[in-house]
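Heads up: the structure comes next, in structure tokens.
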Amino acid sequence: MRELMHFPYERYEKLAEPLTVYYPTGSEEHARWVVQIIDRAGKQLTRLLGLPLPELEILLVDAADWDLAPHDEEDEQAPPYPYLTEVTTLPCLVVPPEIDAIFGEPTQEKLAFIFYQALAQAFLESDPRPWPEDSPLWADEWQFKFAALWLSHTLDGVEGVVNKDLHEQYAEIFETEPDGKTPDTVRGFDWYEDTTPEDYLGYVLILEQFAADLLAHSDPEILPRFLKLYRVERAVLLSEDVTTMLATALGSGGAEWLESLVYF
């Protein structure tokens with residue numbers, strides 16, 4: 001990990017158990033809190049998914065070193081929120097010195113929720129079963145959001161969505177159009193070169209509401225049931241194929257329930 005991205009690990013303190021964590025001098029308390037969050041969540045995901053905690057390191061980045069933070073090649077710069085990257089020797093959860101103001105009030109529940117999403121991604125990427133070679137954006141995104149919100153409910157006592165302030169601020173994204181659906185939907189959103197951070201945030205909030213409704217409607221085991229259908233080697237999966245898989249995981253009436261959601 002040290003040789004990649006020319007990051008100055010030599011200036012950082014290090015914790016080695018239960019996960020390796022690099023952190024700036026003076027940030028040990030925060031580093032231990034992050035480790036606790038990841039450790040507790042990892043045990044829950046192991047029970048749900050039947051997978052071991054993936055090999056993972058954590059890097060808390062000092063503000064002066066943020067431009068050097070390791071990040072995926074397709075990103076021009078590191079995202080302004082905790083994220084998972086695999087450009088390091090081991091997958092690494094990179095934690096910025098602060099979260100971008102676009103994410104609203106920076107509560108501990110929100111920060112934990114973001115960590116949970118990155119950890120869920122690490123778990124699912126460590127699953128040896130194949131991914132579809134080509135599938136719609138929402139097919140993977142709902143999985144990370146669902147697992148993260150389940151952890152927020154289970155570990156932090158959150159009810160409904162975590163980002164309540166943002167859901168109030170962006171309430172218009174759930175207003176329906178003449179066709180009975182919202183302007184952006186779980187299945188209809190896609191990422192383009194001119195997609196703004198605000199546009200993507202709206203989609204993230206729709207996915208969070210979707211996860212909350214799924215958890216209210218069904219049990220968390222819909223995720224491993226879905227994965228059994230989804231993680232099969234195939235070249236292309238269309239959106240309707242993924243919808244059928246999720247409906248099957250939901251059980252009787254699942255297809256009708258999904259279609260009743262104005263944002264789906």
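The values are calculated or read from the model by the stated rules, or taken from the named source; none is laboratory data. Quick caveat: nothing in here was measured; it's all calculated off a predicted structure. Neighbour counts are summed over all protein chains in view; Cβ atoms, including those assigned to glycine, are modelled from backbone coordinates with ideal geometry. Remember, those area values only see protein heavy atoms, side chains included, never the ligands or the DNA or RNA. Shrake-Rupley method; radii C 1.70, N 1.55, O 1.52, S 1.80 Å.
Output the helices (runs of 4 or more DSSP H) that fall wholly within the range 210-264 and possess 2 or more residues being modelled with pLDDT of 95 or more, of a type in the set (S, T, N, Q) and surrounded by 14 or more Cβ atoms within 10 Å (Cβ to Cβ), or say none.
Numbers: elements: 222-230, 239-250, 254-260.
Fully inside the range 210-264 and qualifying: 239-250.
From the residues in the range 1-30 that are of a type outside the set (Val, Ile, Thr) and closer than 30 Å to LEU223 by Cα, which one is least open to solvent (accessible area, probe 1.4 Å)?
Keep residues of the range 1-30 that are of a type outside the set (Val, Ile, Thr), which gives 1-19, 22-24, 26-30.
Adding the requirement that they be closer than 30 Å to LEU223 by Cα leaves 17-19.
Values: GLU17: 143, PRO18: 75, LEU19: 14 Å².
Top of the filtered list is LEU19.
Considering every residue within the range 46-56, establish whether at least one is in contact with a strand residue (DSSP E or B) (Cβ under 7 Å, 6 or more places away or on another chain) and either in contact (Cβ under 8 Å) with a residue 60 or more places away in the chain or outside the structural domain of TYR22 (by the TED database) (or both).
yes
Would you confirm whether any residue within the range 135-151 is surrounded by fewer than 13 Cβ atoms within 10 Å (Cβ to Cβ) and either polar (S, T, N, Q) or not in a helix (DSSP H, G or I) (or both)? Steps first, answer last, please.
Going residue by residue through the range 135-151, those that are surrounded by fewer than 13 Cβ atoms within 10 Å (Cβ to Cβ) are none.
Within the range 135-151, none of the residues are surrounded by fewer than 13 Cβ atoms within 10 Å (Cβ to Cβ) and either polar (S, T, N, Q) or not in a helix (DSSP H, G or I) (or both).
Scanning for something in a helix (DSSP H, G or I), outside the structural domain of ALA101 (by the TED database) and of a type in the set (A, V, I, L, M), does the range 168-175 turn up at least one residue? Before the answer, list the steps.
As a first pass, look at the range 168-175 and keep what is in a helix (DSSP H, G or I): 168-169, 171-174.
Filter once more, keeping what is outside the structural domain of ALA101 (by the TED database): 168-169, 171-174.
Applying the additional criterion that residues be of a type in the set (A, V, I, L, M) yields 171, 173.
Yes, because at least one residue in the range 168-175 is in a helix (DSSP H, G or I), outside the structural domain of ALA101 (by the TED database) and of a type in the set (A, V, I, L, M).
Go through the range 88-118 and count every residue that is among the hydrophobic types (A, V, I, L, M, F, W, C), open to solvent by 40 Å² or more (accessible area, probe 1.4 Å) and not in a helix (DSSP H, G or I).
2
Could you check, for the range 186-200, whether at least one of its residues is out of contact with any Ser or Thr (no Cβ under 6 Å at 6 or more places or on another chain), crowded, with 19+ Cβ neighbours inside 10 Å, in contact (Cβ under 8 Å) with a residue 24 or more places away in the chain and assigned to a helix (DSSP H, G or I)? Break it down stepwise before answering.
As a first pass, look at the range 186-200 and keep what is out of contact with any Ser or Thr (no Cβ under 6 Å at 6 or more places or on another chain): 186, 188-200.
Keeping just the survivors that are crowded, with 19+ Cβ neighbours inside 10 Å gives 186, 189.
Next, only the ones that are in contact (Cβ under 8 Å) with a residue 24 or more places away in the chain stay: 186, 189.
Now restrict to residues that are assigned to a helix (DSSP H, G or I): none.
No, the conditions are met nowhere in the range 186-200.
Looking at (1) touching a Leu at 6+ places or on another chain (Cβ under 7 Å); (2) closer than 28 Å to ILE38 by Cα, which is the only condition ALA247 fails?
Result: ALA247 passes all but (2).
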